[in-house]
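The structure under discussion appears below in the form of structure tokens.
The values are calculated or read from the model by the stated rules, or taken from the named source; none is laboratory data. This one's a predicted model, so the numbers in the text were calculated from it and none came from an experiment. With ideal geometry, Cβ positions are generated from the backbone for all residues, glycine too; neighbour counts draw on all protein chains shown.
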Amino acid sequence: MGNFLAGKVVAVTGAGRGIGRAVALACAAEGAKVVVNDYGVSIEGGEPTSEIAAAVVKEIEAAGGTAVAVADDISTMAGGARVVETALATYGRLDGVVCVAGILRERMLFNMSEEEWDPVVATHLKGTFTVFRAASAVMRKQGTGTLIGFTSGNHQGSVAQANYSAAKGGIISLVRSAALGLHKYGVTANAVAPVARTRMSANVPMELKEIGEPEDVAALVVYLLSERAREERITGQVYTIAGPKIAVWAQPRELRAGYAEGGAWTPERIADFLPGTVGTDPMPMLARLEEMAKAAAEGARPNAEKGAGAGKGAGVEKNAGAGKGAGVEKNAGAGKGAGVEKSAGVGKGAGVEKGAGVDKGERS
């Protein structure tokens, strides 16, 4: 047992398997009392069970730690509040929340239904909001606390997971808003875009050159929850960790600007001015579309040997039922349309997902 988080109380959503589980175990090992939240849905996305969260609590207790389980669906306001209320009722305070819970619904944009859009956004984005909302009120009164959201390299865009990418981009904006709005109350907020070896990363048709284990991601989360990170005033940041690599994403900013002289902009003036002056900022993934499509069509699984089983932390971010139409856990197969969180890191290869989200014959 370490003491990086000694005396702290931390709640982790999606903590039943994969990265969430690794985070919960690491927090407990570093001295925190942990609220383990997982909705416990089956591989088909139904039949939620409290056994998933309870099993992680037993692991923590067997290792000498302290934890309590909450099996509520954090895509609801009541579920998010329940996570926070359990921390307060059991341990009397809440120092950090880590929102890892998520599901997938892979579908091309022109075929995506409301039932495929809503549960993904509800679990990832609303599920982060419900917990942040309840936790921030507590932390404001305490004058201290840390909020951590989980995003993905796919916030840059995705071929066949517009729902997932939109939710992950929204989480980054939510984290930055929390960092700004809660700064004067002593509360920090950051996001993590992980690249970890899991059962689902075995399905990615593109080889992941930089990839680590769920425990690597957990180490970063523990640091961000710690007083060491608070001393450095780390807030409003997005970090990727991929094995030996750790990276920070740039803050959004204007790249180039131009100004109209001697009058207002007109479509004609913009057509003459914009291409050669302001220009564009190329999408890195556009250059890889053909490569991704070929790999997906061939059924390539270059990460299968390394990713299969994914060691004791197998799985991806998880939990979550997202209410009606709730889908498959992220680390579960999600049926034939299943995607995968890859949050593949910064730079080359960033944002690769299952099949790189490539449409196989415009299915889904």
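Overview of values
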{"item": "Selection count where residues are in a strand (DSSP E or B) and in contact with a Lys or Arg (Cβ under 8 Å, 6 or more places away or on another chain), scope the stretch 135-151", "result": "1"}
{"item": "Check on GLY145, of a type outside the set (Lys, Arg), more than 16 Å from the chain's Cα centre (by Cα) and surrounded by fewer than 24 Cβ atoms within 10 Å (Cβ to Cβ)", "result": "no"}
{"item": "Within the stretch 231-282, considering residues that are under 24 Å from GLY169 (Cα atoms) and among the basic types (Lys, Arg), the one surrounded by the fewest Cβ atoms within 10 Å (Cβ to Cβ)", "result": "ARG253"}
{"item": "Output for the stretch 229-285, where each listed residue is under 30 Å from ILE211 (Cβ atoms), modelled with pLDDT of 95 or more, among the aliphatic types (A, V, I, L, M) and outside any loop (DSSP other than H, G, I, E, B)", "result": "ALA229, VAL238, ILE246, ALA247, VAL248"}
{"item": "Which numbered condition ILE172 fails, given (1) at pLDDT 90 or above; (2) surrounded by 22 or more Cβ atoms within 10 Å (Cβ to Cβ)", "result": "(2)"}
{"item": "The stretch 152-176, subset part of a helix (DSSP H, G or I), over 12 Å from the mean Cα position of the chain (by Cα) and touching a residue at least 60 places away in the same chain (Cβ under 8 Å), residue nearest to VAL120 (Cα to Cα)", "result": "GLN156"}
{"item": "Residue in the stretch 76-93 that is over 23 Å from GLN142 (Cα atoms) and in contact (Cβ under 8 Å) with a residue 60 or more places away in the chain present", "result": "yes"}
{"item": "Helices (runs of 4 or more DSSP H) lying entirely in the stretch 24-134 (those with 1 or more residues that are of a type in the set (Gly, Ala, Ser), crowded, with 24+ Cβ neighbours inside 10 Å and at pLDDT 95 or above)", "result": "51-62, 77-91"}
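Here is a yes/no grid of residues against (1) free of Cβ contacts under 8 Å to residues at least 24 places away in the same chain; (2) more than 30 Å from VAL10 (Cα to Cα):
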| site | (1), (2) |
| --- | --- |
| ARG230 | no, no |
| ALA242 | no, no |
| TRP249 | no, no |
| PRO252 | yes, no |
| ARG256 | yes, yes |
| ALA264 | yes, yes |
| PRO267 | yes, yes |
